[in-house]
Amino acid sequence: MKKYALIACTLATILYANVSAAQTITLDKTTKLVPVGWSVAEDIKFQKDTTVELTPDGQVITGVLDTATYLRPTGWRNMINDFYYAAAGPAFYPPTFWPPFDDFGPGPAPAMLVPTYGHVRYKSETPVTFASDGTVISGTLDEDITLSLQPGKYGFVNFKGGNSLIFYPNGAIQTATLAEDTRLRPLGWQNNNIDASAGFVEFKGGTEISFTQDGYVTNGTLNESTLWFNQNGSSATLPPKTVVSFTPTGIEVVD
């Protein structure tokens with residue numbers, strides 16, 4: 001959680017560096033507040049004994065959620081699974097933001113799909129940072145999410161709940177955790193377009209991965225032995241589970 005809080009604070013500093021009058025306060029009780037950039041006030045609960053960063057007019061830039069909450073991520077336009085499963089029951093009228101629930105009491109209930117309208121559930125007791133348009137640019141997922149990777153190109157990636165999801169301001173994925181083994185193109189893939197792989201490399205599910213704004217991997221964990229060619233013609237065979245940093249000119253083994 002400390003790691004995610006540091007990321008959130010860093011993002012907030014970058015995004016709101018020009019808001020000199022922003023204030024940080026400590027909540028003495030669970031408090032309902034409105035995030036920055038919202039044009040309609042829907043109170044969100046923030047956790048007792050945590051700090052929140054506020055704009056001069058009292059809207060939340062960064063805070064710790066008290067309960068799991070559906071919010072719209074900055075990259076919501078790239079979402080594929082824009083729904084969630086809920087147990088069907090009589091007189092079901094969800095509010096604007098739905099609490100996590102699975103059923104309406106003992107015994108089986110028929111499932112139904114409920115549209116999220118571009119929202120995803122963020123984990124309780126974890127920090128979220130809001131962009132100026134009111135979307136979440138950094139937060140911890142409470143459920144898996146599927147996102148398209150590159151605008152105008154086919155392909156989508158499953159990311160694992162319980163982990164941080166960070167976007168660039170334009171909505172492109174910056175850092176997340178893969179839900180499954182996935183073949184992706186890293187920076188420098190053109191130097192490795194030498195066989196049927198077409199420059200794709202398999203990255204290990206359950207590990208953190210980072211991308212450029214164009215959707216190419218900059219950091220990731222290899223899932224299998226990989227022969228890699230650098231721009232200068234040198235090469236290296238990397239074993240499985242190697243953490244690699246990719247650049248346009250070559251690679252650096254992180255771990």
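If you check every pair at least six apart or on different chains, which have Cβ atoms under 7 Å apart with a residue in segment 115-138 that is open to solvent by 10 Å² or more (accessible area, probe 1.4 Å) first and a residue that is acidic (Asp, Glu) and assigned to a loop (DSSP other than H, G, I, E, B) second?
115/82; 121/142; 121/143; 123/142; 124/66
Filter segment 227-251 for residues that are open to solvent by 20 Å² or more (accessible area, probe 1.4 Å) and among the hydroxyl-bearing types (Ser, Thr, Tyr) and give the result.
234, 235, 237, 245, 247, 249
For segment 134-143, does any single residue satisfy the condition of being modelled with pLDDT under 95 and out of contact with any Pro (no Cβ under 7 Å at 6 or more places or on another chain)? Give the derivation first.
Our first condition is that a residue be modelled with pLDDT under 95; within segment 134-143, this holds for 143.
So of that shortlist, the ones also out of contact with any Pro (no Cβ under 7 Å at 6 or more places or on another chain) come out as 143.
Yes, segment 134-143 has at least one match.
The values are calculated or read from the model by the stated rules, or taken from the named source; none is laboratory data. What you are looking at is a predicted structure, and each value in this text was computed from that prediction instead of being measured. Cβ sites come from the backbone with ideal geometry, for glycine too, and all protein chains shown count toward neighbours. The accessibility values were calculated without ligands, DNA or RNA, using every heavy atom of the protein model including side chains. Shrake-Rupley method; radii C 1.70, N 1.55, O 1.52, S 1.80 Å.
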